[in-house]
Amino acid sequence: IYYPFRLGNYFELVPSVQYRSYFYSFDKNVAGPLSRGYLVAQTDLSTTIERVYGEKVKHKFRPSIKYSNIPFVNQDTSHPFIDQIKVLGNQFDDSDIVPITAQTQTYFVPLGNSLTYRLGNKFIVKEDGEAHDYRKAVDITAGQSINFIELRDTPDDRQPLSRFFTAFMIDTKRFQSGGEYFYYPYQHASTYSLS
């Protein structure tokens, strides 16, 4: 459930709430069935700045900031599956790990109590022809997420799940290319992919 608001003519505010529910059925000799779910509340604030160069190229710059919180989790903590997904290296169901922390997952945006800012750049080109088709020629996004759940009382223990991310896409009439790069400062690790 979400509802968009316009703040003046410049900002967009989109609060949303969703409930994610999962059901697991195991071999009866291993464990009984498990039902679990959680509530996700988010608020997204963004704006768009546009400029047209000549008659064929439009540049859209879109900064945004999003706060995410999980106020409610419903699960049987005594079930053996809950213990299994807490163990580092055994996450085979990434979207169902709550909360996402540096110990359970480093590839996804944390949802439990997190803040993400994003800077988006798009260049849209108008193609010549009868229909005047539009093509997103370049799309570059960069930002950072930080998980406040993992902030500790003492400065020496502050190692939250924080990540810097950059993604790009280039599309011409003859080829497409794209890539993603993530850097996790507290883990001193990075991942990337190119296509």
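Table for the structure above
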{"quantity": "Filter result (over 30 Å from PRO80 (Cα atoms) and open to solvent by less than 80 Å² (accessible area, probe 1.4 Å)) within segment 5-26", "calculated": "GLY8, GLU12, LEU13, VAL14, PRO15, SER16"}
{"quantity": "Hits in segment 27-39 - residues which are assigned to a loop (DSSP other than H, G, I, E, B) and over 15 Å from ILE85 (Cβ atoms)", "calculated": "ASP27, LYS28, ASN29, GLY32, PRO33"}
{"quantity": "Residue satisfying all of: in segment 27-84; of a type in the set (Lys, Arg) and farther than 30 Å from ASP171 by Cβ; surrounded by the fewest Cβ atoms within 10 Å (Cβ to Cβ) among these", "calculated": "LYS28"}
{"quantity": "Hey, SER78 part of a loop (DSSP other than H, G, I, E, B), at pLDDT 85 or above and not basic (Lys, Arg) or not", "calculated": "yes"}
{"quantity": "Any hit, segment 88-100, residues being open to solvent by 40 Å² or more (accessible area, probe 1.4 Å), farther than 30 Å from ASN29 by Cα and at pLDDT 65 or above", "calculated": "no"}
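The values are calculated or read from the model by the stated rules, or taken from the named source; none is laboratory data. Every value quoted in this text rests on a predicted model; they were computed, and no experiment measured them. We place every Cβ from the backbone using ideal geometry, glycine too, and count neighbours over all the protein chains shown. Please note that ligands, DNA and RNA were not included when accessible areas were found on the heavy atoms of the full protein model with its side chains. Shrake-Rupley method; radii C 1.70, N 1.55, O 1.52, S 1.80 Å.
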